[in-house]
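The values are calculated or read from the model by the stated rules, or taken from the named source; none is laboratory data. Worth saying up front: this structure is predicted, and the values here are computed from it rather than measured. A quick note on method: Cβ atoms are made from the backbone with ideal geometry, for glycine too, and the neighbour counts reach across all protein chains shown.
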Amino acid sequence: MTYPPPHQQQPSKTPWLWISIAIVAVLALLTTGIFLVVRYLKDDEETQAADRVSTTTSTSASPSPTSAPIAIPGSRAPLPQRPAPLADPTGCEYAATPDRPASKPATKPADGAVPAAGKATVTLKTSAGTIGLDLDRALAPCTVASFVSLAKQGFYTGTSCHRLAVEGLQMLQCGDPTGKGTGGPGYAFRDETFPQIQYGRGILAMANSGPDTNGSQFFMVYGDAQLPPNYTVFGSISDEGLTVLDKVAKAGIDPASASQSPDGTGAPVLPVQFTEVTVG
């Protein structure tokens with residue numbers, strides 16, 4: 001069959017009528033479809049927003065511990081021993097830090113000689129339980145003198161431990177009145193380290209922000225701690241204290257706090273506030 005060329009074809013009115021009706025029907029379907037798609041997307045956005053608000057509210061209102069139980073070593077690490085004893089007494093210097101003023105009123109210890117032998121005991125009464133510390137002057141005489149001075153001044157009383165780590169490095173960091181990890185006593189003193197230092201369960205050491213920047217912040221190791229010997233060890237933690245630290249560690253890290261930290265550490269779910277600090 002031969003069809004006439006398109007330009008010669010004379011379409012009747014009836015096909016145009018059906019074509020018009022079809023076009024109107026298609027437009028109606030497209031309009032309905034677009035409306036449904038837009039509505040679906042809007043509903044989905046509202047649902048996602050509600051989920052985010054719900055999650056944030058739930059996390060902030062009731063922090064949960066870490067998802068998996070942490071493994072804590074049961075045996076203590078030996079307290080490091082200096083390869084050669086220090087001169088007794090030993091000279092100490094405590095330099096004021098105008099760029100880092102005291103976060104809480106504190107008087108720095110006097111420069112001069114301090115004993116490099118013997119022990120001092122400190123009792124930290126906290127909201128989570130009592131933690132006893134045994135300070136060793138033979139290890140770090142200047143550090144012990146500073147810690148004892150701050151304790152007697154009430155510098156630590158009323159402060160809280162601001163940083164808990166549960167994986168790799170297992171420790172609780174304390175001693176900052178601001179609770180942000182940036183505070184200190186307004187002075188600094190030199191490191192008292194040596195290459196043989198190793199860390200582990202039961203070790204008490206100073207936190208720092210670089211060489212010879214010791215101030216008031218310290219950390220208590222309750223488990224593993226693979227660290228270079230850059231942190232002054234100045235004592236050990238009592239058995240009772242380790243039981244308290246284990247309890248705090250097992251309660252976990254506040255997820256809201258951990259989410260703001262690049263290494264996943266943060267404030268403990270179980271608060272540790274020093275209600276009384278005594279020396280004796």
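For this structure, a couple of remarks:
- Looking across region 203-221 at every residue that is assigned to a loop (DSSP other than H, G, I, E, B) and in contact with a Pro (Cβ under 9 Å, 6 or more places away or on another chain), the one that is farthest from Leu172 (Cα to Cα) is identified as Gly215.
Results for (1) polar (S, T, N, Q); (2) touching a strand residue (DSSP E or B) at 6+ places or on another chain (Cβ under 8 Å); (3) modelled with pLDDT of 95 or more, shown as yes or no for each residue.
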residue: Pro185; (1), (2), (3): no, no, yes
residue: Asn208; (1), (2), (3): yes, yes, yes
residue: Asn214; (1), (2), (3): yes, yes, yes
residue: Gly235; (1), (2), (3): no, yes, yes
residue: Glu240; (1), (2), (3): no, yes, yes
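- Checking each residue in region 224-280 for being assigned to a loop (DSSP other than H, G, I, E, B), under 12 Å from the mean Cα position of the chain (by Cα) and either within 26 Å of Pro78 (Cα to Cα) or of a type in the set (Gly, Ala, Ser) (or both) picks out Gly252, Ser259, Ser261, Gly264, Thr265, Ala267.
To keep it simple, each residue is scored yes or no on (1) buried (at least 17 other Cβ atoms within 10 Å of the Cβ); (2) part of a strand (DSSP E or B).
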residue: Pro105; (1), (2): no, no
residue: Pro109; (1), (2): yes, no
residue: Ile131; (1), (2): yes, yes
residue: Val144; (1), (2): yes, no
residue: Phe155; (1), (2): yes, no
residue: Thr182; (1), (2): no, no
residue: Ala188; (1), (2): yes, yes
residue: Gln198; (1), (2): no, no
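- So Leu150, is it surrounded by 20 or more Cβ atoms within 10 Å (Cβ to Cβ), in a strand (DSSP E or B), at pLDDT 95 or above and touching a Gly at 6+ places or on another chain (Cβ under 9 Å): no
- Looking across region 242-275, the residues that are charged (D, E, K, R) and modelled with pLDDT of 95 or more come down to Asp246, Lys247, Lys250, Asp254.
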